[in-house]
1. Consider GLU132 against the criteria (1) in a loop (DSSP other than H, G, I, E, B); (2) in contact with a Ser or Thr (Cβ under 8 Å, 6 or more places away or on another chain); (3) of a type outside the set (Gly, Ala, Ser): it satisfies all of them except one. Which criterion is unmet?
2. I'd like to verify a number: residues in region 1-51 that are free of Cβ contacts under 8 Å to residues at least 60 places away in the same chain, outside any helix (DSSP H, G or I) and within 16 Å of the ligand (Cβ to nearest atom), how many?
3. Could you please give the count of residues in region 156-169 that are in a loop (DSSP other than H, G, I, E, B) and within 7 Å of the ligand (Cβ to nearest atom)?
4. In this structure, does VAL99 turn out to be away from the ligand (no atom under 16 Å from the Cβ) and touching a residue at least 12 places away in the same chain (Cβ under 8 Å)?
5. I'm trying to understand the selection: among the residues of region 150-164, which are free of Cβ contacts under 8 Å to residues at least 12 places away in the same chain and of a type in the set (Gly, Ala, Ser)?
6. Among residues belonging to region 144-155 that are more than 10 Å from the ligand (Cβ to nearest atom) and either in a helix (DSSP H, G or I) or hydrophobic (A, V, I, L, M, F, W, C) (or both), point out the one that is surrounded by the most Cβ atoms within 10 Å (Cβ to Cβ).
Amino acid sequence: MTKGITIALTKGRIEQATIDLLEQAGFDMTFMADKGRHLIFDSPDGAIRLLLVKAPDVTIYVRHGVAEVGVVGKDVLIEHPTGYLEMLDLNFGLCKFAVASTADYAPSDHKRKRIATKYPTVAKNHFAQKGEDVEIISIQGSVEIAPVIGLADAIVDIVETGSTLVANGLEIYEDICRISARIIVNKAALKNNPAVLPFIQTLEGLVGDREVAFK
Ligand code: PRP
């Protein structure tokens, strides 16, 4: 019997788009219709096992080889860059990294800025490329509060619709880079499980290699 593929899938925003893509790829995904509070799902034919996990943990499951494949945003891969092969841009889950702050932010001010973010590597690299040494304040979420209440001068965060920025009185000062969902794989699994490469090639045929821009 052919070995199935275990996929670590990021819970939340990119979950349904991934399930839809797997359906398009010919997998019967009806077993995902009534998820309840379950976190592990096996397709009845044994072709797929899905693990629903938090985004940064996708890279951990794949690195340890307990999942052959992971589906996760590029934002997470930039912060956790090792222990897997990045194979495919799925062209969904589109958003961007941006620098944002309140209307009175002065980007060209020469004082050392404090930048609040959930993405310290992205923030540090962005300002370092501009030759700016900044103080990074790492927080876990609700980052938009930081410039409003004076914890930071600006934030580096993900912008999708922009509504969280607007709702908190912030505006974008700089775009940093495009983000989208990616397929990552465990290197050994790519060699040892003959189902993995054809699986990725099937997905590649569906999403194409065209880079979709995020405005
Ligand atoms: C992300 C991000 C922004 C928001 C952007 O947060 O950190 O807060 O989404 O989306 P928008 O541009 O569509 O408003 P998330 O929902 O992941 O929650 P968090 O506060 O826990 O980071």
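1. (2)
2. Of the residues in that region, 2 qualify.
3. The first filter runs over region 156-169 and keeps only residues in a loop (DSSP other than H, G, I, E, B), leaving 160-162, 168-169.
Remaining after also requiring within 7 Å of the ligand (Cβ to nearest atom): 160-162.
Result for region 156-169: 3.
4. Values: away from the ligand (no atom under 16 Å from the Cβ): no; touching a residue at least 12 places away in the same chain (Cβ under 8 Å): yes.
Against the criterion (away from the ligand (no atom under 16 Å from the Cβ) and touching a residue at least 12 places away in the same chain (Cβ under 8 Å)), VAL99 does not qualify.
5. Within region 150-164, GLY150, GLY162, SER163 meet the criteria.
6. Of region 144-155, the ones more than 10 Å from the ligand (Cβ to nearest atom) are 146-154.
In the following step, the residues that additionally are either in a helix (DSSP H, G or I) or hydrophobic (A, V, I, L, M, F, W, C) (or both) were identified as 146-149, 151-152, 154.
Details: ALA146: 23, PRO147: 23, VAL148: 14, ILE149: 7, LEU151: 14, ALA152: 23, ALA154: 26.
Taking the candidates together, the pick is ALA154.
Residues checked against (1) of a type in the set (A, V, I, L, M); (2) away from the ligand (no atom under 12 Å from the Cβ); (3) surrounded by fewer than 16 Cβ atoms within 10 Å (Cβ to Cβ); (4) at pLDDT below 95:
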site	(1), (2), (3), (4)
ASP75	no, no, no, no
LEU90	yes, yes, no, no
ARG114	no, yes, no, no
HIS126	no, yes, no, no
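The values are calculated or read from the model by the stated rules, or taken from the named source; none is laboratory data. Keep in mind that what you see is a predicted model, and the values were worked out from it rather than measured. Cβ coordinates were reconstructed from backbone atoms using ideal geometry, including for glycine residues, and neighbour counts include every protein chain displayed.
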